[in-house]
Amino acid sequence: MKKVVLAFSGGLDTSYCALYLAQELGLEVYSAIVDTGGFSQQELQEIEQRAYALGVKTHVHLDETDTFYHSCIRYLIYGNVLKNNVYPLSVSAERVTQAMAIAGYAKAIGADFVAHGSTGAGNDQVRFDMIFQALIPEVAIITPIRDKKLSREEEIAFLQQHGVEMDFRKAQYSINKGIWGTSVGGKETLTSHLPLPDEAYPTPLSKKEPERLTLHFEKGELRGLNAHFYDNPVEAIRQLQALAAPFAIGRDIHVGDTIIGIKGRVGFEAAAPLVIIKAHHTLEKHVLTKWQLYWKDQLSAWYGNWLHEGQLLDPVMRAIEAFLENTQQNVTGKVHVLLAPYRFQVEGIESPHDLMRDTFGSYGEMNRAWTADDVKGFAKIFGNQTKLYHHVNQSNAWNEHL
């Protein structure tokens, strides 16, 4: 029998795929779930049980959380990446890591085919296909849900015909959880005007009294919270999520352009990612130069968009990552944050690399590193070309502008 590796989540679509690949196509199915920090041990056990109940040959759990951090998340932090200034790429970033892990597993076992349960209407189909085409071009891709244009009802009917017993009730909200945030989809996100209700978000508000928190960064990476330091930034992110999420922080709705050209709307809950990005950005504003900040903004926005569209393997991404990492050499220090219900506030920073030192002067108050004559000369030279332009052209442009 020929082998197929199926990216398996245990939901309706991938359950259909597992049975279809074995029963209708006669393939030996190897299911794999790729964990990017979003599953509990109980959930993983239940998914494994479901896979074997559907008749797969072998089921594996691929823990890629650390890989996800080192190959992706840390660059999103370095770049303060928020797509459309809102979304921390919670799902789109992890899909690329998951596809790469599936490709690696397929290659390791010598699979003839690789399969995923994406529909033909979303971004994930493109992300998975592109990664597979780049890393395992010799392995054919099978996508039953997309190719057969199946409805939910048709999938359920097929499973029931084969005696599969599972809860076919559709959840009111679709939840996708990972270490870099949780996406939330529902009837409201299919509209352009309705907000998600509080009960749609997975973490309810349970903390009412504000708390102050100190984040410790070392060369751009989160390494400590208050007095506790972590060897692995992944653990620091998990702990921050546990501290901040009960304040219902990090909730929002992202509106953006999908890879296939239509507009999409998705809710998300990302307490730790948003606190980290805003705290990191504040620290950078103190320790980086104006032009470091400027070029980081330009390249980071492009990097985030290209990653969102599944193009992590494009070699240009390595060049931008090298630039981003270079900018982090002095991004070390403490960031003080106030956590409160539904909001947080970055209160200030402390860093040995802080460029806002009163040794040179205090903005709007006192200059210590230059004289009045120095500034007069600087202002004269700095505005020289504009002065020459208006003199040569006898321009009255300002009055015309008004």
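Can you tell me which residue within the range 49-84, out of those that are at positive phi and either touching a residue at least 40 places away in the same chain (Cβ under 8 Å) or β-branched (Val, Ile, Thr) (or both), is least open to solvent (accessible area, probe 1.4 Å)? If you could, list the steps in order and put the result at the bottom.
We begin by selecting, within the range 49-84, every residue at positive phi; these are 55, 80, 84.
In the following step, the residues that additionally are either touching a residue at least 40 places away in the same chain (Cβ under 8 Å) or β-branched (Val, Ile, Thr) (or both) were identified as 80, 84.
Values: ASN80: 24, ASN84: 86 Å².
In this case the residue turns out to be ASN80.
Tell me whether the range 84-91 contains one or more residues that are of a type in the set (S, T, N, Q), in a loop (DSSP other than H, G, I, E, B) and within 21 Å of the chain's Cα centre (by Cα). It would help to see each step written out before you state the result.
Residues of the range 84-91 that are of a type in the set (S, T, N, Q), as a first pass: 84-85, 90.
Those still in the list that are in a loop (DSSP other than H, G, I, E, B) too: 84-85.
Still in the running and within 21 Å of the chain's Cα centre (by Cα): 84-85.
Yes, the conditions are met somewhere in the range 84-91.
Taking the range 192-222, which residues are surrounded by fewer than 19 Cβ atoms within 10 Å (Cβ to Cβ) and within 20 Å of HIS353 (Cα to Cα)?
THR214, GLU218, LYS219 - these are the residues of the range 192-222 that are surrounded by fewer than 19 Cβ atoms within 10 Å (Cβ to Cβ) and within 20 Å of HIS353 (Cα to Cα).
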task = Among the residues of the range 17-43, count how many are surrounded by fewer than 23 Cβ atoms within 10 Å (Cβ to Cβ) and small (Gly, Ala, Ser).
result = 5
ask   = Counting residues that are acidic (Asp, Glu), which helices (runs of 4 or more DSSP H) fully inside the range 1-78 reach at least 1?
value = 12-23, 41-53, 65-68
ask   = Of all residues in the range 84-122 being touching a His at 6+ places or on another chain (Cβ under 8 Å) and not small (Gly, Ala, Ser), which is nearest to GLN311 (Cα to Cα)?
value = LEU89
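Please enumerate the residues belonging to the range 109-150 that are farther than 24 Å from VAL34 by Cα, open to solvent by 40 Å² or more (accessible area, probe 1.4 Å) and not in a helix (DSSP H, G or I). If you could, list the steps in order and put the result at the bottom.
Of the residues in the range 109-150, the ones farther than 24 Å from VAL34 by Cα are 148-150.
Applying the additional criterion that residues be open to solvent by 40 Å² or more (accessible area, probe 1.4 Å) yields 148-149.
Answer for the range 109-150, where residues must be farther than 24 Å from VAL34 by Cα, open to solvent by 40 Å² or more (accessible area, probe 1.4 Å) and not in a helix (DSSP H, G or I): just LYS149.
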ask   = Restricting the range 158-192 to residues that are without any contact (Cβ under 8 Å) to a residue 60 or more places away in the chain and not in a loop (DSSP other than H, G, I, E, B), which is nearest to ARG251 (Cα to Cα)?
value = ILE175
request  = Sort out for me the strands (runs of 3 or more DSSP E) sitting completely within the range 217-332 that have 2 or more residues that are over 21 Å from GLU350 (Cα atoms).
outcome  = 251-257, 263-269
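The values are calculated or read from the model by the stated rules, or taken from the named source; none is laboratory data. Worth saying up front: this structure is predicted, and the values here are computed from it rather than measured. Glycine also receives a Cβ, built like all others from the backbone with ideal geometry; neighbour counts cover every protein chain displayed. Areas reflect the complete protein model, heavy atoms only, side chains present, ligands, DNA and RNA absent. Shrake-Rupley method; radii C 1.70, N 1.55, O 1.52, S 1.80 Å.
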